[in-house]
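Asks: First, the structure itself, so that you have it in front of you.
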Amino acid sequence: DYYTLSWILGHYEGEETIFHGGDTFSTSTFITLSRDSGYGIFSSSTGSTLARSANQLFSWYIQDLLEGREPWLNETNICTYPEPWVDTPDDPNTGYGMDDTGYIMDNSTKLRDHVASYTNPFFGELQIGFEPAEGLTFTYNRMHCTLLRQKDQGDEFQCTGFSPHVPSDPRVEVDYRTIRVAFIKGGLMTNLMERGEEHVFMSTNGGPATRCSAVLLILSLLAWTGSVL
């Protein structure tokens with residue numbers, strides 16, 4: 001019904017619930033809290049976007065059991081959901097990956113200035129490298145890809161990142177995500193594996209500008225946390 005402070009407020013079988021799911025490469029989680037009955041349900045599994053949907057189905061199934069209802073999900077339809085109610089595409093990979101129109105490979109040596117490790121207090125560290133034949137590379141945990149430069153923007157890049165995972169749907173062999181990177185003074189902004197959010201990473205190379213920017217970032221995060229609490 002509503003989305004606020006990263007929580008979704010809704011109803012299931014007339015019961016008021018708070019829930020949210022999320023996924024990164026290789027891992028998916030889902031949590032449901034019942035405001036009426038006071039219980040909480042948490043599930044985590046290997047797999048990514050499709051696995052998050054499976055975790056939500058598990059939550060509904062457990063909610064029915066806790067409330068003494070006969071679950072409408074069973075060993076037959078839980079593996080085909082949303083079928084037979086809604087048809088699903090034959091190719092579940094449709095919509096993954098990036099449209100590389102407007103992006104070109106750039107291996108000019110001036111881009112070496114961006115080579116560094118970058119850090120974020122919440123998401124950890126990522127590396128920007130350089131390959132003479134390809135240009136800038138992006139590495140975050142198990143995900144690695146070659147950055148393509150936007151034709152009209154010298155500091156904006158994009159790549160298709162993927163990571164092997166244990167899929168919830170056997171038709172899905174890898175999880176593709178579009179990675180966006182924009183270099184800023186003393187750091188970079190990237191969506192990592194998310195579709196809309198942008199996160200600031202500061203260079204660990206040092207230097208007055210970088211250290212100052214990092215302090216301002218931490219102070220901003222503390223101020224935001226205080227306003228929420």
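Asks: Can you send over the solvent-accessible area of Y103, 1.4 Å probe, protein chains only, in Å² to the nearest 10?
Replies: It works out to around 50 Å².
Asks: Give the ranking of M105, M202 by solvent-accessible surface, highest area first, calculated with a 1.4 Å probe.
Replies: M105, M202
Asks: Of L5, L192, which has the most accessible area with a 1.4 Å probe, and how do the rest follow in descending order? Mind dumping the intermediate values first?
Replies: Numbers: L5 125, L192 5 Å².
Reading off the accessible areas and sorting them downward yields L5, L192.
Asks: Could you calculate the FRET efficiency of T139 with K110 from 1/(1 + (r/R0)^6), where r is the beta carbon distance between them and R0 is 25 Å, rounded to 0.05?
Replies: 0.75
Asks: Tell me, in nm to one decimal, what length is gained between S44 and Q150 on full extension, where the rule is 0.36 nm per residue of separation less the Cα-Cα distance?
Replies: 34.5 nm
The values are calculated or read from the model by the stated rules, or taken from the named source; none is laboratory data. Nothing here was measured: the structure is a model prediction, and the numbers come from that model. Cβ sites come from the backbone with ideal geometry, for glycine too, and all protein chains shown count toward neighbours. Just so you know, the surface numbers come from the protein's heavy atoms only, side chains and all, with ligands and any DNA or RNA stripped out. Shrake-Rupley method; radii C 1.70, N 1.55, O 1.52, S 1.80 Å.
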